[in-house]
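Okay, structure first, notes after.
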Amino acid sequence: MENIVNVNINGESIAISTQTPFPLMLSEYLYEGDFDLMMADLNNKKEFIEECKKVKFLMDNLPGLTSSFITTPFIFNNFITYFDEFNIKATDLNHVSLNGLFDIVLDRADRKDFDLVKKIIEFMLKIDKNFAPAYELYGSILIEEGDFNKGTEYLETSIKLEPWNVAALSELGETYFNLGEYDNAAKIWKKEINLSPDNYVTYFMLTDAYIEAKKLTKAAHVLEKFLNRFPKSILGKYELSGLYEKLSRTLEASELKDEIMKSVPVYSSDIEVWTKIMFEKNQFKKVQEFLEKYIENKKDHDHFKLLLVVPYIKSGKVEEAKKIYDEMKNKYKWYLYGLKEIMEKYIDKNLLEEMETK
């Protein structure tokens, strides 16, 4: 400990040392500002309590002491050093809240400062070994770093502590899938659907897991369940019709295809697959009419204008098609790349080259 300055307030001299800021930091990061609760937890740490009394006196007389510049920036190595100086152990902190410290962890994780994040999480788990969000984040980091085995262990622990954690379930299922453990992925994603039955995407992820595991009947059953919940999903009908064909259920596959031909998309996720099916059936005019009306009402989905290029060319509106392509090709390169197969299939090669190089 090193004395920095003596402060005289109302006739009382207060010795400010290098240790004086710590009670304020500890209260801010681990007690949500509850100074009294912190002092009650650590009432047997005499030196620390003396510093607390100093800080309380200063806070009562210097209101600005509580402003954020006192506790930021957060430097973990400095913070943790104080614990040794005051002989405070993680087990001494009985009534803490880890939310404030976890906010810092999330911020550092966003900055990819993973080494620091892992150190802070390890410290947090010494305080509360059952803090599920810490296991989830640590597992995510390990997986991003390529340590899949240990990463899945942490995610599994997080789920055991919080079985309702949909985000952890989703990531764990994806990890198992990427590792080729399709049965494990399916088991996890089934749990996720039970917890969040309106999570549209998870049904398709679970379907893919069963397909990869060569369990086509189970895959079909998932999509059947999905369509019971989302009966207007064209993507669901399209995927299920393909599975029915593989299972030699040709009549049911045909019925679903007929339904698709009579439908228009309700969900934005259905538009591309519906357009592809319509193009295959030469229903270019139907696509054009739907998309023109849809884009007019959904200004924030203007990337779908690129799907109008084909029907415009087919109907002789070549210059309009060129104009759309020119306006959109730089703005939505990511989407145009995904449409490459469609464009090459339905647009003359020379015309497509002309639009690309303009």
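The values are calculated or read from the model by the stated rules, or taken from the named source; none is laboratory data. A quick note: this is a predicted structure, and the numbers were derived from the prediction, not measured. Methodologically, a virtual Cβ is constructed for each residue, glycine included, from the backbone with ideal geometry; neighbour enumeration extends over all protein chains shown. The area values use the complete protein model at the heavy-atom level, side chains included, leaving out ligands, DNA and RNA. Shrake-Rupley method; radii C 1.70, N 1.55, O 1.52, S 1.80 Å.
Checking each residue in the stretch 242-264 for being under 33 Å from the mean Cα position of the chain (by Cα) and of a type in the set (A, V, I, L, M, F, W, C) picks out 243, 260, 264.
Here the stretch 227-261 is the region considered, the condition is being free of Cβ contacts under 8 Å to residues at least 24 places away in the same chain and touching a Gly at 6+ places or on another chain (Cβ under 8 Å), and the residue that is least open to solvent (accessible area, probe 1.4 Å) is 253.
Restricting the first member to the stretch 262-280 and to residues that are within 20 Å of residue 314 (Cβ to Cβ), and the second to residues that are open to solvent by less than 20 Å² (accessible area, probe 1.4 Å) and in a loop (DSSP other than H, G, I, E, B), the beta-carbon pairs closer than 7 Å and six or more apart or on different chains are 271/265; 274/265.
Given the condition within 26 Å of residue 231 (Cα to Cα), at pLDDT 95 or above and open to solvent by 50 Å² or more (accessible area, probe 1.4 Å), answer yes or no: does some residue in the stretch 176-188 qualify? Checked against the condition, which is being within 26 Å of residue 231 (Cα to Cα), at pLDDT 95 or above and open to solvent by 50 Å² or more (accessible area, probe 1.4 Å), the stretch 176-188 yields at least one hit.
Out of the residues in the stretch 189-201 that are assigned to a helix (DSSP H, G or I) and either in contact with a Lys or Arg (Cβ under 8 Å, 6 or more places away or on another chain) or more than 17 Å from residue 216 (Cα to Cα) (or both), which is most open to solvent (accessible area, probe 1.4 Å)?
194
Of the residues making up the stretch 269-284, those that are of a type in the set (S, T, N, Q) and either out of contact with any helix residue (DSSP H, G or I) (no Cβ under 7 Å at 6 or more places or on another chain) or surrounded by 19 or more Cβ atoms within 10 Å (Cβ to Cβ) (or both) are 275, 282, 283. Pairs meeting the criteria (first residue in the stretch 76-103 and more than 11 Å from residue 29 (Cβ to Cβ) and in contact (Cβ under 8 Å) with a residue 60 or more places away in the chain, second residue of a type outside the set (A, V, I, L, M) and open to solvent by 40 Å² or more (accessible area, probe 1.4 Å), beta carbons under 6 Å, at least 6 apart or on different chains) are 86/47.
Among the residues here, residue 157 does not qualify as under 16 Å from residue 239 (Cβ atoms), assigned to a helix (DSSP H, G or I) and of a type in the set (S, T, N, Q). Conditions first: (1) open to solvent by 40 Å² or more (accessible area, probe 1.4 Å); (2) more than 21 Å from the chain's Cα centre (by Cα); (3) modelled with pLDDT of 95 or more. Residue 94 passes all but one, so which condition is the exception? Of the numbered conditions (1) open to solvent by 40 Å² or more (accessible area, probe 1.4 Å); (2) more than 21 Å from the chain's Cα centre (by Cα); (3) modelled with pLDDT of 95 or more, the odd one out for residue 94 is (3). Residues considered: 266, 287. Of these, the only one that is open to solvent by less than 40 Å² (accessible area, probe 1.4 Å) and among the β-branched types (Val, Ile, Thr) is 287.
For the stretch 223-252, how many residues are closer than 30 Å to residue 306 by Cα and assigned to a helix (DSSP H, G or I)? So that I can check it myself, show each step before the final result.
Looking only at the stretch 223-252, we keep the residues that are closer than 30 Å to residue 306 by Cα, and these are 223, 226-227, 230-243.
With assigned to a helix (DSSP H, G or I) added as a condition, the list becomes 223, 226-227, 234-243.
Of the residues in the stretch 223-252, 13 are closer than 30 Å to residue 306 by Cα and assigned to a helix (DSSP H, G or I).
Looking only at residues in the stretch 323-340 that are closer than 17 Å to residue 284 by Cβ and either modelled with pLDDT of 95 or more or over 28 Å from the mean Cα position of the chain (by Cα) (or both), the one that is surrounded by the fewest Cβ atoms within 10 Å (Cβ to Cβ) is 324. For residue 149, the criteria (1) open to solvent by 40 Å² or more (accessible area, probe 1.4 Å); (2) over 14 Å from residue 118 (Cα atoms); (3) at pLDDT 95 or above hold in every case but one, which is (3).
What about residue 34, is it at pLDDT 75 or above, closer than 30 Å to residue 130 by Cα and in contact with an Asp or Glu (Cβ under 8 Å, 6 or more places away or on another chain)? Considered against the rule, which asks whether it is at pLDDT 75 or above, closer than 30 Å to residue 130 by Cα and in contact with an Asp or Glu (Cβ under 8 Å, 6 or more places away or on another chain), residue 34 comes out as no.
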